[in-house]
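So the structure is just underneath, and the comments pick up after that.
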Amino acid sequence: MTETMARAAVAPAQTAHGTGHDTAHGTGHAADHTAIPATRARKVGRFLAHLAEMVVVMVLGMMLLGPAWDWAGAALGIEATLGRADVGAVVMVLDMVAAMTVWMRVRRHGWAPIWEMNAAMAAPFAVLLVLFWLGAASAGDMMMWGHVLMVPAMAGAMLLRPAEYTEHVHGFDLAWLGRRWPVLLGLALLAGTIADGGDGLPAWLILAMALVYPVVGLVRGSIRGRSMVLLQAAGLAVFAGISLLATAFVGQDTGAYVLAAGLVGHGIWDAFHHRANAVVWRWYAETCLVYDLLLAAAVLATTLGS
């Protein structure tokens, strides 16, 4: 009798277990079927919200940085050059790229999606510029279709990494933005140089910049090892040669081009030391990198516009 009672007790338990499992399993499937559309709708909503966010940032970049170009053009006397349709398109893309890079980095996006988004914004204008130079598109067509095609191009870049824009919660990395004060310092120094006459730069400027590295390295004791000593000596010799060459052609366009090339070369020198965190302070290398590259662009623009 005891055995019969035990079997009777087990049977309901098994039935209940099976029923509960089946019910939960069935309910789970039903819940999944109702949840999938909601999840997809949420993902689509996040995707579209990100796209709208990128478009707003793109527009703000043009609006906020445009006045800086107007001021620089007036200070350097290159308003006519900046007023050209092709140059204006390039400047506009640069404004959007700068704003997008800062915003996406603050929003904790990785560098790969940042470069992809920037390439997507620039691609339509790159194609339309060629058509404009070939006479197959007018200035109005270039501007109109560049903006029209930019949005689907940006959406295409986002579709390369759907999880990046639909699943990840990025938040804001304001600490990174706070660490970018050397960029602001470089821009301030550049503004002062332009206001003082960016087209009248001394040819020995490159040598003066190059001297900072070994001098600071000796003071800080940060030039260590034979290879670093040789590297600094070689760098100083190269930049001294560029200064001498620029001096030989001072007052000529060739001298300006040599100076601009030297500034770009020193910007690469800055980037190397910044990445290696060697010889000078990282903030100095970052400041000098911004200053060098933008000043080189100003020298080129002034020379080409004269």
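Here, each number is a calculation from the coordinates, and none is a lab measurement. Quick caveat, the model's predicted, so the values are computed rather than measured. In this analysis, Cβ positions are derived from the backbone assuming ideal geometry, glycine residues included, and neighbour counts consider all displayed protein chains.
Values as computed for the structure displayed
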{"quantity": "For residue 299: the one exception among (1) in contact (Cβ under 8 Å) with a residue 60 or more places away in the chain; (2) under 20 Å from residue 73 (Cα atoms); (3) under 22 Å from the mean Cα position of the chain (by Cα)", "calculated": "(3)"}
{"quantity": "Conditions (1) under 26 Å from residue 42 (Cβ atoms); (2) in contact with a helix residue (DSSP H, G or I) (Cβ under 9 Å, 6 or more places away or on another chain); number of the one not met by residue 169", "calculated": "(2)"}
{"quantity": "Matching helices (runs of 4 or more DSSP H) fully within the stretch 55-146 where at least 1 residues are touching a strand residue (DSSP E or B) at 6+ places or on another chain (Cβ under 9 Å) and over 24 Å from residue 158 (Cβ atoms)", "calculated": "none"}
{"quantity": "Cβ pairs under 8 Å, 6+ apart, first in the stretch 138-154 and closer than 21 Å to residue 52 by Cβ, second assigned to a helix (DSSP H, G or I) and of a type in the set (Phe, Trp, Tyr)", "calculated": "146/125; 150/125"}
{"quantity": "Wholly enclosed helices (runs of 4 or more DSSP H) of the stretch 215-306 bearing at least 3 residues of a type in the set (Gly, Ala, Ser) and more than 25 Å from residue 180 (Cβ to Cβ)", "calculated": "226-248, 253-276"}
{"quantity": "The stretch 214-243, subset in contact with a helix residue (DSSP H, G or I) (Cβ under 6 Å, 6 or more places away or on another chain) and more than 14 Å from residue 262 (Cβ to Cβ), residue surrounded by the most Cβ atoms within 10 Å (Cβ to Cβ)", "calculated": "232"}
{"quantity": "Residue 127, sole failed condition from (1) closer than 29 Å to residue 164 by Cα; (2) surrounded by 16 or more Cβ atoms within 10 Å (Cβ to Cβ)", "calculated": "(2)"}
{"quantity": "Any hit, the stretch 207-224, residues being within 31 Å of the chain's Cα centre (by Cα), in contact (Cβ under 8 Å) with a residue 40 or more places away in the chain and under 30 Å from residue 70 (Cα atoms)", "calculated": "yes"}
{"quantity": "Qualifying positions in the stretch 147-167 - surrounded by 13 or more Cβ atoms within 10 Å (Cβ to Cβ) and not in a helix (DSSP H, G or I)", "calculated": "160, 161"}
{"quantity": "Matching residues in the stretch 181-205 - criterion: being free of Cβ contacts under 8 Å to residues at least 12 places away in the same chain and assigned to a loop (DSSP other than H, G, I, E, B)", "calculated": "196, 197, 202"}
{"quantity": "Residue within the stretch 257-271 that is surrounded by fewer than 15 Cβ atoms within 10 Å (Cβ to Cβ) and on the phi > 0 side of the Ramachandran plot present", "calculated": "no"}
